[in-house]
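The values are calculated or read from the model by the stated rules, or taken from the named source; none is laboratory data. Predicted model, so just to flag it, every value in this text is computed and none were measured. Cβ sites come from the backbone with ideal geometry, for glycine too, and all protein chains shown count toward neighbours. The area values use the complete protein model at the heavy-atom level, side chains included, leaving out ligands, DNA and RNA. Shrake-Rupley method; radii C 1.70, N 1.55, O 1.52, S 1.80 Å.
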Amino acid sequence: MSQSSTTREDIVTGTTAQLLVRSLVEAGVSDIFALPGIQNDDLFDAFYKTPDLRVIHTRHEQGAAYMAAGYGMATGRPGIYAVVPGPGFLNTTAALSTAFGCCAPVLALAGQIPSAFIGRGVGMLHEIPDQMSVMRQFTKWASRVRAPSEAPALMAEALRQVGTAPFRPVGLECAMDVWGRHGTALRPPVPADERQAIDEDAVLAAAKLLGQAKRPLIIVGAGALDASEEVAALAEMLQAPVGAHRMGRGIVSCRNPLCVDPVAAHLLWGDADVVLAIGTRLQMQLMQWGTDSDLKIVRIDADPEQIDRIAQPAVGIVGDAAPVLRALLSKLPAHNILRSRMDDIEEARGRAWQRLSTLEPQRAYLNAIRAELPDDGIFVDELTQLGYASRALFPIYHPRTFLSPGYQGTLGWGTPTALGAQVAKPRTKVVSVIGDGGFLFNAQELATAVQHQIPMVTVLANDNAFGNVRRIQDDQYDGRRIASDLKNPDFLKLTESFGAAAFRAKTPDELRTALKQAFDQSGPSVIEVPVGAMPDPWKMLRYKSSRPAKGL
């Protein structure tokens, strides 16, 4: 924007904090998760003066960041949190790393010590060495706001970065003396259209390879969450089964006859001749399921570094899933052979179901939750026995309704993440399935849920142990248990002490009844489910190669 073309409407005035918050609201942001402190006093004063922004203050910085992640994962819009520097920011890095691994759009706002002392190691309150370097380890882009004049432009860039693929967290920090500094700034120009050019030659090569395949298979991940219709259309055209491990569940509805659970997908991988991987790292498949010279892989990913990170594909296409798939759909008919895969799919599905049927009582409890949770309800997976089994046993019908910590496996993420998803989708039912070990990582956020009347439901499976660890110690270490048994509080009394509704369900039928009651509450609920040791899900879910002739 040239100086001569600047109008009065292009110039904004206020403190750095006010200008930054105004930029957020003008971009459509309505909620922020935050925990206050002296380095951010002027920022929180700007929040107070912005009635269009709802501030949900949490009881721990980790909770604020996980709530932002849940908000982003449930909507595809950025979840935003604000915390003090140093230990406050460091408390959020587990959530940031999870958001990074799950491709969740999260914006971290961190305070800083006074600008004159940054990097000098003088021992200011909450000072840590090079906070910006730490932030950059868990974000795709990060910067520091140094003056009011920079605030709108840097916020615009942060929102551009967090809103464009590949989706990752971003971060901004601001020194405590800069937040309250008054000044003027120019409104940033409207961002230009940044749609990537599609490599038409690569799309044509993919169309020919997939079109001639006899046993095609599609694997989807988080990068395909906004391409549900295109994935379903392509699967129909190819008559190809579609599998997902965690993040991609629901992209194709489990009611679609071409949707297969991950155990069936693993079986089908063994005979596939061409696999189309869309928005997925494909880590488990390439490193555990096995490859050989008879298997050709086509990859579509917005992150160019993912295309050949583990193995070189036959065809790699860089770009957002939806437009690339539309281009592929336009070229495929000219090269597509007639095929029928339903016999293969049904056989694999039957074999998988036979294996998975041994996971009781996990299956019965998950069936009870599915019976009461509406089709568009959000299920938050955790590192617990019900959570592990849900990755194969729990039907999902819509994208962004199965939230998982992915490969980060961050125990205890479930409660705050589900709260963030519930804030994002206030009219949607949200269930967090968690164990007694993980629940106490962030149980304090029940206070947040009660204070802000967030009606999320927790199903708490209580075996008085880190159950997975205890079973491994029993099975692999001759029962030499150490640090796996837990002494728990009375979870019903604990829940009620926060002012939340508490229920106990000893059977799947009782769980259904409790869920009905919990969904009628205006605030949060916890349903304790006392359980014993459960069958090992990893016998089904920790896959060996299904292509035994050759491994990677």
- With Rg from the Cα atoms and Rh as the Kirkwood inverse mean 1/r over Cα pairs, the range 371-507 has an Rg/Rh of 0.98
- Task: Please give the peptides 10-19, 236-245 ranked by average Cβ packing (other Cβ atoms within 10 Å per residue), highest first, as a rough proxy for protection.
- Result: 236-245, 10-19
- Task: Putting +1 on Lys and Arg Cβ atoms and -1 on Asp and Glu Cβ atoms, find which of Pro169, Ile378, His60 reaches farthest to the positive end of the dipole of the chain.
- Result: Ile378
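For the chain, which DSSP H helices look membrane-span-like by this rule: Cα extent along the axis of 18 Å or more and mean Kyte-Doolittle of at least -1.0?
Values: long enough: 61-75 (22 Å, 0.09); 342-356 (20 Å, -1.23).
In the chain, the long hydrophobic H runs are 61-75.
State whether the range 165-284 is rounded, prolate or oblate according to the following rule on the C-alpha gyration tensor (a ≥ b ≥ c being the square roots of its eigenvalues): a/c under 1.5 gives rounded; otherwise a/b larger than b/c gives prolate, and the remaining case gives oblate. It would help to have the intermediate numbers written out before the result.
Numbers: a/c = 3.28, a/b = 2.17, b/c = 1.51.
Since a/c reaches 1.5 and a/b is larger than b/c, the shape of the range 165-284 is classed as prolate.
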- Counting only pairs 8 or more places apart or on different chains, how many lysine pairs in the range 399-552 have C-alpha atoms closer than 29 Å? 12
- Item | Expected 222 nm ellipticity per residue - DSSP helices of 4 or more, -39500 (n - 2.57), all of the chain, to 500 | -10500 deg cm²/dmol
- Task: Using the Karplus curve 6.51 cos²θ - 1.76 cosθ + 1.60 with θ = phi - 60°, work out ³J(HN,Hα) for each residue of the range 122-134 in order, rounded to whole Hz, and write x for Gly and Pro.
- Result: 8, x, 5, 3, 6, 6, 10, x, 6, 4, 4, 5, 5
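Where both partners of a DSSP beta bridge lie in the range 417-548, what percent of those bridges are antiparallel, to the nearest 5?
Values: 1 of 16 bridges.
Of the beta bridges lying entirely in the range 417-548, close to 5 percent run antiparallel.
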- Message: What is the distance in Å between the Cα centroid of the range 183-225 and that of the range 292-340?
- Response: 10
- First compute the accessible area of the chain with a 1.4 Å probe, then give the percent of it belonging to carbon and sulfur atoms. 51
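Quick one: if the Förster radius is 22 Å, what FRET efficiency do Leu186 and Thr75 give, using the C-beta to C-beta distance and rounding to 0.05? Mind showing how you got there, number by number?
Details: r = 30 Å, r/R0 = 1.36.
FRET efficiency, Leu186 to Thr75: 0.15.
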- Note on the structure: The Kirkwood hydrodynamic radius of the range 100-139, taken as the inverse of the mean 1/r over all distinct Cα pairs, in Å, comes to 11.7
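Please give the FRET efficiency for Gln196 paired with Arg512, using the beta carbon to beta carbon distance and R0 = 51 Å, rounded to the nearest 0.05. Let's see the in-between values first.
Details: r = 47 Å, r/R0 = 0.93.
The formula returns an efficiency of 0.60 here.
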- Item | Relative packing of peptides 523-530, 153-160 - highest average C-beta neighbours within 10 Å first | 523-530, 153-160
- Query: In percent, what relative contact order does the chain have, based on Cα pairs under 8 Å that are 6 or more apart in sequence?
  - Reply: 14
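Leaving out ligands and nucleic acids, note down the accessible area per residue over the chain with a 1.4 angstrom probe, in whole Å².
Numbers: 22490 Å² over 552 residues.
Counting only protein heavy atoms, the per-residue value for the chain is 41 Å².
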- Computed ³J(HN,Hα) along the range 375-381: with the Karplus parameters 6.51/-1.76/1.60, θ = phi - 60°, integer Hz and x for glycine or proline, the list is 3, 8, x, 9, 10, 9, 6
- So what does Arg144 come to for accessible area, using a 1.4 Å probe and Å² rounded to 10? 80
- Message: Using a 7 Å offset from Cα along Cα-Cβ at Lys140, what residues in the range 23-41 end up with backbone N under 20 Å from the label point?
- Response: 24, 27-29
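Give me the extension gain from Val450 to Ser357: residue separation times 0.36 nm, minus the current Cα-Cα distance, reported in nm with one decimal.
29.7 nm
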- Item | Euclidean distance between Cα centres, the range 346-366 to the range 412-436, Å | 26
- Under 5 Å from the placed amide H of Gly316, counting only residues 5+ away or on other chains, we find Arg299
- Write down the percent of antiparallel bridges among all DSSP beta bridges whose residues are both part of the chain, to the nearest 5. 10
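Only four residue types carry charge here, +1 at the Cβ of Lys and Arg and -1 at the Cβ of Asp and Glu. Report the dipole size of the chain about the Cα centre in Debye, rounded to the nearest 20.
On the way: 55 positive and 58 negative charges, 135 e Å.
Its charge dipole is roughly 640 debye.
Net charge near Ala389: determine it from the other residues with C-beta under 15 Å of the C-beta of Ala389, scoring Lys and Arg +1 and Asp and Glu -1. Working shown, then result.
Values: positive: Arg246, Arg249, Arg355, Arg363, Arg370, Arg391, Arg471, Lys539, Arg542; negative: Asp261, Glu360, Asp381, Glu382, Asp463, Asp536.
Net charge around Ala389: +3.
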- Query: How much accessible surface area, in Å² rounded to 10, belongs to the heavy atoms of Asp271 with a 1.4 Å probe?
  - Reply: 100
- Just the Cα atoms of the range 90-230, one point each, no solvent: what log10 I(q)/I(0) does Debye give at q = 0.09, 0.14, 0.19 Å⁻¹? -0.43, -0.81, -1.18
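Based only on the alpha carbon positions, what is the Kirkwood hydrodynamic radius of the range 446-520, in angstrom? Numbers along the way, then the final one.
Details: mean 1/r = 0.0687 Å⁻¹.
With all distinct Cα pairs of the range 446-520 included, I get 14.5 Å.
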- Per-residue accessible area for Ser522 at 1.4 Å probe radius, Å² rounded to 10? 90
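Between rounded, prolate and oblate, where does the chain land on the alpha carbon gyration tensor, with a ≥ b ≥ c its root eigenvalues, rounded for a/c under 1.5, else prolate if a/b exceeds b/c?
Since a/c reaches 1.5 but b/c is at least a/b, the shape of the chain is classed as oblate.
Given +1 on the Cβ of Lys and Arg, -1 on the Cβ of Asp and Glu, and no further charges, what dipole in debye does the range 164-260 carry about its Cα centre, rounded to the nearest 20? Walk me through the numbers on the way to the answer.
Working: 10 positive and 11 negative charges, 89 e Å.
Value, rounded to 20: 420 debye.
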- Consider a paramagnetic label point 7 Å from the Cα of Asp343 along Cα→Cβ; state which residues of the range 274-307 have an amide N under 20 Å from it. 274
- Message: Among Ala314, Tyr477, Gly70, whose Cα projects farthest towards the positive end of the dipole of the chain, with charges put on the beta-carbon of Lys, Arg (+1) and Asp, Glu (-1)?
- Response: Tyr477
